[in-house]
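Worksheet: one structure, shown below.
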Amino acid sequence: MTTSCTGSAPGDGAAAAAKPGAPGVGDRLFPALGNGGYDVAHYGLTLDYVPETNRLKGTAVITARATQDLSRFDLDLSGLHVRRATVQGERARYTREKDELLVTPAKPVRKGDIFKTVVTYDGTPRTIEDDDGGLEGWIETDDGSTALGQPAGSMTWFPGNHHPSDKATYDITVTVPQDEDGDPYDVVSNGELTAQEDNGGTVTRHWHTEEPMAGYLAHVSVGYFEVHQGRTDDGLPVYVAVDPDESENAADVRDLVPEIVGWASERFGPYPFSSTGAVVDHVPGLGYALETQTKPYFDRAPDEALLVHELAHQWFGNSVTPREWKDIWLSEGMATYAEWLWEEERGGRRTDEIFEDFYDGTDAESEGIWAFPPADPPSAARVSDPPVYGRGAMVVHKVREAVGDETFFDILRTWTRQHRHGNADTAQFVALCEDRSGKDLTKLFDLWLFSGKKPEKDSSA
């Protein structure tokens with residue numbers, strides 16, 4: 001397919017120098033994900049969804065800053081029919097190529113300019129299969145739908161820059177009809193519910209996310225939920241939505257969420273968002289939970305360990321987000337280690353005992369942890385494999401052993417403070433551990449994080 005670009009006016013050097021933005025950000029594991037040439041600041045998503053027919057109409061208002069002179073730029077979008085696109089209020093040309101929407105503005109966008117793109121679209125949003133066989137994207141449930149985006153599923157319901165290195169704030173407004181009995185569907189999303197309207201036959205919910213969020217963490221659930229609202233001891237709003245089919249098994253969730261958030265805040269630093277909560281859905285067969293920002297999503301009632309894991313991600317993964325997908329061990333290893341800490345402090349195994357069980361292969365989640373180094377998943381299909389989680393947590397434990405508890409928790413709190421609402425990578429974590437401890441930890445990280453072999457149990461820096 002050939003795509004032409006808007007020509008420049010005679011003598012307009014900036015326009016003449018304008019080039020298309022890159023169709024990806026260069027991520028080794030997901031080379032087509034994300035786009036170059038701009039940074040998104042805000043998404044304004046207005047959605048109209050009919051659960052009975054699974055039809056979606058949407059308008060995405062994308063506010064971004066150009067990082068180069070742009071003659072054209074890409075947006076990640078899978079499926080759906082684009083009806084119209086404008087850039088800075090003027091009609092823009094657009095074409096489709098696989099999971100890319102190629103937008104050519106009427107005039108080139110100059111480097112440094114803040115520009116607004118509006119895309120109107122509709123259709124039946126897709127459920128897509130990950131490289132590892134899991135489902136993501138827009139997933140129909142027994143009473144509505146849920147949108148889950150790791151690693152690339154968010155492109156099935158709105159156009160954008162969906163690599164985690166480009167975070168933005170969000171306003172998500174969803175209108176749904178009443179069902180055939182005249183009852184309204186509930187709509188739950190990230191952030192805070194700032195407005196709700198009964199339009200007579202339809203209901204509209206507006207959710208606002210003030211802190212930057214990676215696209216894969218954006219979330220909408222439509223269905224019937226029992227909503228429990230409250231506050232933590234520190235006054236943080238708590239919003240827990242539970243599918244009635246999970247109500248009995250999830251009875252403890254409303255109390256555990258503020259308890260876990262308080263516990264984690266003491267160890268990892270101040271909670272990084274303006275609200276917290278959870279969504280407990282009923283989706284038999286989905287098989288996973290996801291750390292959707294401010295309200296982690298569960299396909300069924302979670303046990304304590306899983307709830308701890310997903311809430312720990314609000315610090316590790318959501319606030320401090322991997323710069324590239326190969327850095328995902330920084331999220332999953334930390335969240336898994338939070339489970340270890342919680343188990344120890346609740347009277348279970350000590351963290352060193354859990355480490356031993358993983359090393360010896362007696363822990364139920366230890367199978368396959370030596371398949372590859374945690375910081376180097378071999379492919380997109382392996383990015384959520386056991387080494388990233390279990391062996392990632394073992395790396396964290398070895399750091400704790402090497403530097404001592406006081407320095408270890410100082411490292412965690414410094415990490416979440418320095419990179420709050422940003423992106424970070426493995427090299428930065430290694431450098432921080434060495435800086436705060438005053439130790440050369442090269443051997444430790446070489447053996448436990450970067451090596452393809454199983455180290456000797458007592459190997460350390």
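Points to keep in mind about this one:
- Magnitude of the charge dipole for the chain, about its Cα centre and with charges confined to Cβ atoms of Lys, Arg (+1) and Asp, Glu (-1), is about 2800 debye.
- Links that overshoot a 21 Å alpha carbon limit, given the list K19/K57; K398/K457; K57/K111: K19/K57; K57/K111
- In range of the label at R420: residues from region 205-229 whose backbone nitrogen is under 15 Å from the point 7 Å along Cα→Cβ: 210-212
- Cα centroid separation - region 45-75 against region 175-228, whole Å: 18 Å
- Folded to 0 to 90 degrees: helix 329-345 orientation relative to the chain principal axis, Cα: 40 degrees
- Measuring between their Cα centroids, region 254-324 and region 366-404 lie 20 Å from each other.
- Helix 405-418 axis, angle to the chain major axis (alpha carbon atoms, nearest 10°): 10 degrees
- Rounded to the nearest 500, the helix-only mean residue ellipticity at 222 nm of the chain stands at -6500 deg cm²/dmol, with each DSSP H run of n ≥ 4 adding -39,500 (n - 2.57).
- Rounded to the nearest Hz, the phi-derived 3J(HN,Hα) couplings of region 307-319 under the Karplus curve 6.51 cos²θ - 1.76 cosθ + 1.60 (θ = phi - 60°) are 5, 4, 4, 6, 6, 4, 5, 4, 8, 9, x, 8, 6, where x marks glycine and proline.
- Rounded to whole numbers, the Karplus 3J(HN,Hα) couplings from phi for region 363-371 are 6, 4, 9, 8, 5, x, 6, 9, 5 Hz, using 6.51 cos²θ - 1.76 cosθ + 1.60 with θ = phi - 60°, and x at Gly and Pro.
- Gained length - D446 relative to T67, 0.36 nm times residue gap less alpha-carbon distance: 132.8 nm
- The residues neighbouring Y271, those whose beta-carbon lies less than 12 Å from its own, together hold a net charge of -2 under the Lys/Arg +1, Asp/Glu -1 convention.
- Normalised contact order of the chain, rounded percent, pairs of Cα under 8 Å and 6 or more residues apart: 11 percent
- In order along region 55-66, phi translates into HN-Hα couplings of 10, 10, 10, x, 10, 10, 10, 10, 9, 9, 10, 6 Hz, rounded to whole numbers, per the Karplus curve 6.51 cos²θ - 1.76 cosθ + 1.60 with θ = phi - 60° and x for Gly and Pro.
- Apportionment of accessible area to carbon and sulfur, the chain, percent (1.4 Å): 46 percent
- The angle between the Cα long axis of helix 351-360 and the main principal axis of the chain comes to about 80°, on a 0 to 90 degree scale.
- Within-12-Å neighbourhood charge of T209 [Cβ basis; K, R +1; D, E -1]: -2
- Charge tally in the Cβ shell below 9 Å around A85, where Lys, Arg are +1 and Asp, Glu are -1, A85 excluded: +4
- For H42, residues with placed amide H under 5 Å, excluding near neighbours: T63, T169
- The length gained on full extension between T362 and A251, counted as 0.36 nm times the residue separation minus their Cα-Cα distance, comes to 36.8 nm.
- Area of M334 that stays accessible when all protein chains are in place (1.4 Å probe, Å², to 10): 10 Å²
- Between T120 and H42, residue separation times 0.36 nm minus the direct Cα-Cα distance comes to 26.4 nm.
- Dipole magnitude for region 61-190: about 1460 debye, using +1 per Lys or Arg Cβ and -1 per Asp or Glu Cβ, origin at the Cα centre.
The values are calculated or read from the model by the stated rules, or taken from the named source; none is laboratory data. Here the structure is a predicted model, which means the values were calculated and not measured. Don't worry about glycine lacking a Cβ; one is built from the backbone with ideal geometry, like all the others, and counts go over all protein chains shown. Just the protein is used for accessible areas: all its heavy atoms, side chains included, with ligands, DNA and RNA removed. Shrake-Rupley method; radii C 1.70, N 1.55, O 1.52, S 1.80 Å.
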